[in-house]
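*Asks:* One structure, as structure tokens, below. Some questions next.
The values are calculated or read from the model by the stated rules, or taken from the named source; none is laboratory data. This is a predicted model, so every value here is computed, not measured. Cβ: placed from backbone, ideal geometry, glycine included. Neighbour counts: every protein chain shown. For the accessible areas, the whole protein counts, side chains as well, though only heavy atoms, and no ligand, DNA or RNA atoms are used. Shrake-Rupley method; radii C 1.70, N 1.55, O 1.52, S 1.80 Å.
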Amino acid sequence: MSYCNYIINNPSENSDYLLHKHYHDNQYGFPIDNDDELFGRLLLEINQAGLSWTLMLRKQESFRAAYSNFSIEKVAQYHDGDRERLLQDPGIIRNRLKINAAIVNAQKILELKKEFGSFKKWLDANHPLTKAEWVKLFKRTFKFTGGEIVNEFLMSTGYLPGAHDDDCPVFLKLKSNR
């Protein structure tokens, strides 16, 4: 069952369903212009590895608070004390490799911004690539970015097709906004 079918065919007042519905209807597959928000999405996708997206949606605001509102510049400056603070934060995923990836990736994005002007412009400069080409590029550029993480990050931000079924109202909305 696709994400669209799940949302359309399983309406509920359940809080997890409502989190998914809001994400599906307002964020998933929508282009993001703000570099910090792009970084935040990448950070969430990395942290989701091995876990459920429901958990990430529940913890999204805790991640935002723990990682300085996803400020690339601030996270790039994090030091060992920040790593320890994050490892103690029950509101996020306390995985040393994922925490380190967030910091290193923020530093790498700052390098990309020097060359391209922004993280988004770097993504745009490489678009369109195939999924396989994107995965190679991300693995060369960032930490903790395997095929599924790269695929979901790019699909969720509109760089790869497939976020929504062709008959999904959100697909039609996105298509008409292009």
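*Asks:* Distance check, please: which entries in LYS136/LYS173; LYS98/LYS139; LYS21/LYS139; LYS59/LYS136; LYS114/LYS143; LYS108/LYS139 exceed 21 angstrom between their Cα atoms?
*Replies:* Table pairs above 21 Å Cα-Cα are LYS136/LYS173; LYS21/LYS139; LYS59/LYS136.
*Asks:* Moving on to the next point. Could you work out [θ]222 nm for the chain from helices alone, using -39500 (n - 2.57) per DSSP H run of at least four and dividing by all its residues? Round to the nearest 500 deg cm²/dmol.
*Replies:* It comes out at -19500 deg cm²/dmol, rounded to the nearest 500.
*Asks:* Report ³J(HN,Hα) in whole Hz for each residue of the range 66-72, in order, from the Karplus equation J = 6.51 cos²θ - 1.76 cosθ + 1.60 where θ = phi - 60°; Gly and Pro get x.
*Replies:* Rounded to whole hertz, the list is 5, 10, 6, 6, 6, 5, 4.
*Asks:* Just to be sure I understand, if you calculate Cα extents along the principal axes in Å for this structure, which of (i) 47, 37, 24; (ii) 80, 38, 33; (iii) 43, 39, 30 do you get?
*Replies:* (i)
*Asks:* From the backbone phi of the range 11-25, what are the Karplus-calculated ³J(HN,Hα) couplings (6.51 cos²θ - 1.76 cosθ + 1.60, θ = phi - 60°) in whole Hz, Gly and Pro given as x?
*Replies:* x, 7, 9, 4, 4, 5, 4, 5, 4, 5, 4, 4, 4, 4, 7
*Asks:* Let me ask another. How would LEU19, LEU154 rank on accessible area, largest to smallest, probe 1.4 Å?
*Replies:* LEU19, LEU154
*Asks:* Moving on. Kindly state, to the nearest 0.05, the FRET efficiency for LYS139 paired with ASN34, given R0 = 30 Å and r defined as their beta-carbon distance.
*Replies:* 0.75
*Asks:* Could you provide, to the nearest whole Å², the per residue accessible area of the range 84-178 with probe 1.4 Å?
*Replies:* 55 Å²
*Asks:* Computed FRET efficiency, Cβ-Cβ of GLN88 and ASN177, R0 30 Å: what is it to the nearest 0.05?
*Replies:* That gives a FRET efficiency of 0.10.
*Asks:* Another one. Tell me the accessible surface of HIS79 in square angstrom (1.4 angstrom probe, heavy atoms of protein chains only), to the nearest ten.
*Replies:* Approximately 110 Å² of HIS79 is accessible to the 1.4 Å probe.
*Asks:* In degrees from 0 to 90, rounded to the nearest 10, what is the angle of the helix 131-141 Cα long axis to the longest principal axis of the chain?
*Replies:* 20 degrees
*Asks:* Sort MET1, MET155 by heavy-atom solvent-accessible area, probe 1.4 angstrom, most to least.
*Replies:* Largest accessible area first, the residues go MET1, MET155.
*Asks:* Still on this structure, please answer the following. With labels modelled as points extended 7 Å from the Cα through the Cβ direction, what inter-label distance (nm, one decimal) is found for HIS127 paired with GLU73?
*Replies:* 2.5 nm
*Asks:* In whole percent, and with a 1.4 Å probe on the protein chains, what portion of the accessible area of the chain is carbon and sulfur?
*Replies:* With neighbouring chains kept in place, the figure for the chain is 51 percent.
*Asks:* Further, regarding this structure: What do you reckon, how do ASP25, ASP124 stack up by accessible area (1.4 Å probe), largest on top?
*Replies:* Result of the area sort, largest leading: ASP124, ASP25.
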